[in-house]
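Visitor: To start, I am sharing the structure in question, which I have written as C-alpha cells.
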Amino acid sequence: MEQSSPTSVDHDRHASPLGAAQHAAPPPEPPRVLQDLLARADVQLNGSRPWDIQVHDKHMYERVFTSWSLGLGESYMDGEWDCDALDELFTRLLRADLGSAAMGIARVKLIAEHLRHKLFNLQSKSRAFEVGEQHYDAGNDVFEAMLDSRMIYSCAYWENAATLEEAQYAKLDMICRKLRLKPGETLLDIGCGWGGLAKFAAENYGVKVTGVTVSKEQLALAQQRVQGLPVELLLQDYRDLQGSFDKVVSVGMFEHVGPKNYDTYFTNVQRLMAPEGIFLLHTIGIAATSQSTDPWIDRYVFPNGKLPSAVEISTAVEGRFIIEDWHNFGADYDRTLMAWWDRFQRAWPQLEERYGKRFYRMWQYYLMCCAGFFRSREGQLWQVILTHPQRGNTYRSLR
C-alpha cells in the first residue's frame, strides 16, 4: 500500500470505518453562504464526489460559522460529517485559500489567534514540554504501528525508494552524508525523537551522539533502542545544552521553536558547534509568512507549534551562519503521510480498544489535512545546511 500514489482518490482507502455507515437520516439543507464559499474550491455539501462533504448533523454548520477550522475539525471528530477523500478535500480547500475567504465567518476568533501568537511566547521554556506531553506521549504503540522500523517521525526521501522503510533509510543516510560525518566525531541531535537518527549515525558512521527530547515516552523507548552504542539521550530543553560538538542536526523539531525564540535557538547552535562544524536543519516550512497557526492543529496535535517561512529562517541566521545549501522536497511529505495512514489503518484493530472512535477520527483528520497541506504546496520540507562564517573548508552540496 505504501507504493500507491498519494494523489489518487480511492474511496475504500480513505473512507472511515467509523463514519458514514452509522448515519441513515437524510442530510439537512446546507446554508447558501457555506455552499458558495466551498464552491470556490469545487467542493459540495452532500455531493456525490469523493472529496465532497457529507453532513449528518446540522450542528456542524453552527460550529463552522463560529470557529471555522477549529469547528470543522471538532465536528468531524464528533461524527457530524464525513468525506471519503479527506486528503483531496483539504488539498482543494488550501489551494483555494478558503481560510482568507472565511475571515468574515470567524473574524473575531481568527484575529484573537493572531494576537495570541503575536503577544505571547508560546514556545517559552515553561511551555517547552507541553507538546511532548500531549502529542509524543500519546502512546508509543500508535507510533510503532504507524512509522517505519526505526520510528522516524519526519518526512521520508522518496527519490529512489519504493517503500516507507527504504525512503526513511535514504533520508537518514542523506543527512549523515550532508553532515560529512566521520568516525570519532561528536554529533548533537536536537529533538532526537525515538533515537532513530542517533542510532543510525552511531552504527553506520561511527560517531558519538548526544540527543535531547522533551518527551518522556520517547526517551524511555529511545534509550532501550540505543543500548550498547556511544549514544547519550537526555530529557532536556535545547536552551539548557552545554558542550561543543563537531556536527549538529535537528530533524522535525524547529516547528516547535517559535519566532520569538529563533534568535535564541540559532545563538545556542552557534555556541555549541565547533568552528569547522556543519549544522543540518530539517524542518517543515510554509510558503508565506504567517503570524498564527491552524487552531485545530494547535489544540489537538501540536500545541504551541509555529511553522517558519524562508524569510524568517534566513533573517534569523543572518550574521550567525552561512547558508551553504537549501534543499526542498516538500512533495515527499504527502507520500510519507499517506504511507503512515495506510499503516495506521492496518494496525487499528489492535489499537481500537485502548484509543476509541474519537481518537481514530482525530488521527485521520490530522494525517489527511497534513497531506493536503503539502499537496497544495502551502507546505514545504526544507533541509538547510549552515556553517560558521569562519569555516575554512569548502562545503559541496549533495543529494
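The values are calculated or read from the model by the stated rules, or taken from the named source; none is laboratory data. For clarity, every value in this text was computed on a predicted model and none was experimentally measured. Here the Cβ is made from the backbone with ideal geometry for all residues, glycine too, and neighbour counts use every protein chain on show.
Visitor: Would you confirm whether any residue within segment 370-379 is outside any helix (DSSP H, G or I) and within 30 Å of R180 (Cα to Cα)?
Guide: Checked against the condition, which is being outside any helix (DSSP H, G or I) and within 30 Å of R180 (Cα to Cα), segment 370-379 yields at least one hit.
To keep it simple, each residue is scored yes or no on (1) modelled with pLDDT under 50; (2) not in a loop (DSSP other than H, G, I, E, B).
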{"residue": "S8", "(1), (2)": "yes, no"}
{"residue": "S16", "(1), (2)": "no, no"}
{"residue": "A21", "(1), (2)": "yes, yes"}
{"residue": "P30", "(1), (2)": "no, no"}
{"residue": "V33", "(1), (2)": "no, yes"}
{"residue": "R49", "(1), (2)": "no, no"}
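Visitor: In this structure, does R239 turn out to be touching a residue at least 12 places away in the same chain (Cβ under 8 Å), more than 19 Å from V384 (Cβ to Cβ) and not polar (S, T, N, Q)?
Guide: Considered against the rule, which asks whether it is touching a residue at least 12 places away in the same chain (Cβ under 8 Å), more than 19 Å from V384 (Cβ to Cβ) and not polar (S, T, N, Q), R239 comes out as yes.
Visitor: Continuing with the same structure: Given the options G79, G73, name the one that is of a type in the set (G, A, S), at pLDDT 95 or above and not in a helix (DSSP H, G or I).
Guide: Checking each option against the conditions leaves just G79.
Visitor: Let me ask something additional. Looking only at segment 304-344, how many residues end up being crowded, with 18+ Cβ neighbours inside 10 Å, more than 27 Å from Y169 (Cβ to Cβ) and out of contact with any Ser or Thr (no Cβ under 9 Å at 6 or more places or on another chain)?
Guide: 2
Visitor: Sort out which residues of segment 300-345 are polar (S, T, N, Q) and outside any helix (DSSP H, G or I), and write them in order of number.
Guide: Those that are polar (S, T, N, Q) and outside any helix (DSSP H, G or I): N304, S309, N328.
Visitor: Looking at (1) surrounded by fewer than 18 Cβ atoms within 10 Å (Cβ to Cβ); (2) among the charged types (D, E, K, R); (3) in contact (Cβ under 8 Å) with a residue 12 or more places away in the chain, which is the one condition that is false for R271?
Guide: It is condition (3) that R271 fails.
Visitor: Looking only at segment 159-178, filter to residues that are part of a helix (DSSP H, G or I) and among the acidic types (D, E); which one of those is farthest from D325 (Cα to Cα)?
Guide: E165
Visitor: Within segment 306-363, can you find the residues that are more than 26 Å from G258 (Cα to Cα) and of a type in the set (D, E)?
Guide: D342, E352, E353
Visitor: While we're on this one: Tell me yes or no: at least one residue of segment 261-269 is over 30 Å from L164 (Cβ atoms) and out of contact with any helix residue (DSSP H, G or I) (no Cβ under 7 Å at 6 or more places or on another chain).
Guide: yes
Visitor: Could you pull out the residue among A331, A347 that is of a type in the set (A, V, I, L, M), in contact (Cβ under 8 Å) with a residue 12 or more places away in the chain, more than 16 Å from L281 (Cβ to Cβ) and touching a strand residue (DSSP E or B) at 6+ places or on another chain (Cβ under 9 Å)?
Guide: Of A331, A347, the one residue that is of a type in the set (A, V, I, L, M), in contact (Cβ under 8 Å) with a residue 12 or more places away in the chain, more than 16 Å from L281 (Cβ to Cβ) and touching a strand residue (DSSP E or B) at 6+ places or on another chain (Cβ under 9 Å) is A331.
Visitor: Also, quick follow-up: Select from segment 238-268 the residues that are surrounded by fewer than 18 Cβ atoms within 10 Å (Cβ to Cβ) and acidic (D, E) and write down the one among them that is farthest from G195 (Cα to Cα).
Guide: Filtering first and then ranking leaves D263.
Visitor: Just for segment 193-209: of the residues that are more than 23 Å from the chain's Cα centre (by Cα) and in contact (Cβ under 8 Å) with a residue 24 or more places away in the chain, which one is surrounded by the most Cβ atoms within 10 Å (Cβ to Cβ)?
Guide: Among those that are more than 23 Å from the chain's Cα centre (by Cα) and in contact (Cβ under 8 Å) with a residue 24 or more places away in the chain, it is V207.
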